[in-house]
Amino acid sequence: MIKSLITQQSRLHISHWGGTGRPILLVHGLAGSVSWWDQVCPLLKDDFEVAALDLSGHGDSAWSKDGQYAMDLFLSNIDEAKEFLNWEKFILVGHSLGARISVEYASRASPSLEGLIAIDFMPRVKESSPRFSKLAGLRQPVFSSQEAMISRFHLQPRGTNLSEPEMKELAKKLIMPWKNGFSWKCDWRAFLTRYDSVWPLLPRIQTPSLIIRGEFSPIMDREDIEKVCQQIARSESLEIPGAYHHVPLDAPEKTAEAIFHFTQKLVSL
């Protein structure tokens, strides 16, 4: 049974799937939500205690009061979730921006972190992408109907293996009432989040790490993933065949299998 939990400190939303194994926390990407893990979590809960986190300004978590989002805020989200769940040790899995946050978290040598799995993220500084610059300049979108929202919904970047009905179901989970209409469950000001290049962080990571990319990802190419693994002392890489950037959506079974096999290696460490 999935429990929808809200922390008292800053009203973070956590989907807790239960389980009695090693704790594992899943973190989504920019403009995403815990829904990115809905097909992955059921495949993990027999072997782990599974929870997925909505970052501040995303999903059902509270928005920043001043509209400011920074790496330190997102890092504190992870610590708050860990403490709320009463976990002493845990494994951290992040996708896209969630992976970038998870890498930063691991670089700060948290003694509670047993393993890091970073899925398809952009190692370079975000501002280098005109796509993100364009999105950052947009105001919170408002729609007159949910149907209009669903018809315009697409992933960013667009490549995916999801069918049209699956895309519509995902879109429905991201809609909220807004003023005189509806909007997405993401504070558009989160697109203004700034962070530095990942490269100086990587040599600091001593946590066993798995870096994953989708075969057809336009975000993280093979050169990127090889360079990342060269910089992290205890790391390995994996490419998920047939997946685009949104690996947990495109290949949930292969994602869960990769997580399981990697974490089995941690038992002997």
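Miscellaneous remarks
- Residue that is surrounded by the most Cβ atoms within 10 Å (Cβ to Cβ), among those in the stretch 228-261 that are in a helix (DSSP H, G or I) and among the polar types (S, T, N, Q): T255
- Complete set of residues in the stretch 147-174 that are closer than 22 Å to H13 by Cβ, surrounded by fewer than 17 Cβ atoms within 10 Å (Cβ to Cβ) and among the hydrophobic types (A, V, I, L, M, F, W, C): F153
- Cβ separations smaller than 6 Å between residues 6+ apart or across chains give the following pairs from the stretch 1-23 residues that are under 16 Å from K82 (Cβ atoms) to residues that are of a type in the set (F, W, Y) and in a loop (DSSP other than H, G, I, E, B): P23/W87.
- When residues of the stretch 165-204 are limited to those that are part of a loop (DSSP other than H, G, I, E, B), within 19 Å of the chain's Cα centre (by Cα) and modelled with pLDDT under 95, the one nearest to P141 (Cα to Cα): T193
- Long-range neighbours under 9 Å by Cβ, at least six apart or interchain, first residue part of a helix (DSSP H, G or I) within the stretch 207-227, second of a type in the set (K, R) and surrounded by fewer than 21 Cβ atoms within 10 Å (Cβ to Cβ): D224/R124
- Being modelled with pLDDT under 95 and assigned to a helix (DSSP H, G or I) is a property that holds for S133.
- Annotation: R139 fulfils all but one of (1) modelled with pLDDT of 95 or more; (2) in contact with a Phe, Trp or Tyr (Cβ under 8 Å, 6 or more places away or on another chain); the unmet one is (1).
The values are calculated or read from the model by the stated rules, or taken from the named source; none is laboratory data. Everything quoted here is computed from the prediction, not taken from an experiment. FYI the Cβ positions are ideal-geometry reconstructions off the backbone, even for glycines, and counts take in every protein chain you see.
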